[in-house]
Amino acid sequence: MHKDMIDTIEGAKQDLRDWAKDNPDETEPHDIIHELADNAVPVYNSDIMDWAAEDLDLALDTPELGPAFDGSPTPINIIAANIFEYIESELWEEWKSIEKEQADTQTQGD
């Protein structure tokens, strides 16, 4: 995986952790996960293509949400949508880890 991809995803995960820390009673992270994933998608065509070159699934899969940006089924828009969905899935996995950590901490405190 490309270093920029790793850094971007890890940064989004850290942002989610920071949000969870600042919002300890929040149990519905849908909006923040969507926002973080959306903000993490590269905006420059060259960066989008770099991500696709590193992970061909980003270029070959059909995005569940349809093409990104203006919705035109261009390769860039399809890849960007796949990047969004990939980052979003990584954030949901991170949320599961956060919930488990919170439950473990609460159990230890009891």
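Tabulated data
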quantity	calculated
Condition check for F84: at positive phi and either surrounded by 17 or more Cβ atoms within 10 Å (Cβ to Cβ) or modelled with pLDDT under 95 (or both)	no
Tally, over region 70-81, of residues that are surrounded by 13 or more Cβ atoms within 10 Å (Cβ to Cβ) and either in a loop (DSSP other than H, G, I, E, B) or of a type in the set (F, W, Y) (or both)	1
Residue count, region 66-102 (criterion: among the hydrophobic types (A, V, I, L, M, F, W, C) and under 18 Å from K21 (Cα atoms))	4
Exclusive hit being surrounded by 14 or more Cβ atoms within 10 Å (Cβ to Cβ), among the acidic types (D, E) and farther than 30 Å from Q102 by Cα, set D47, D57	D47
Residue that is surrounded by the fewest Cβ atoms within 10 Å (Cβ to Cβ) [pool: residues in region 19-44 that are charged (D, E, K, R) and under 15 Å from the mean Cα position of the chain (by Cα)]	D31
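The values are calculated or read from the model by the stated rules, or taken from the named source; none is laboratory data. Model, not experiment: these values are computed from the prediction. Cβ sites come from the backbone with ideal geometry, for glycine too, and all protein chains shown count toward neighbours.
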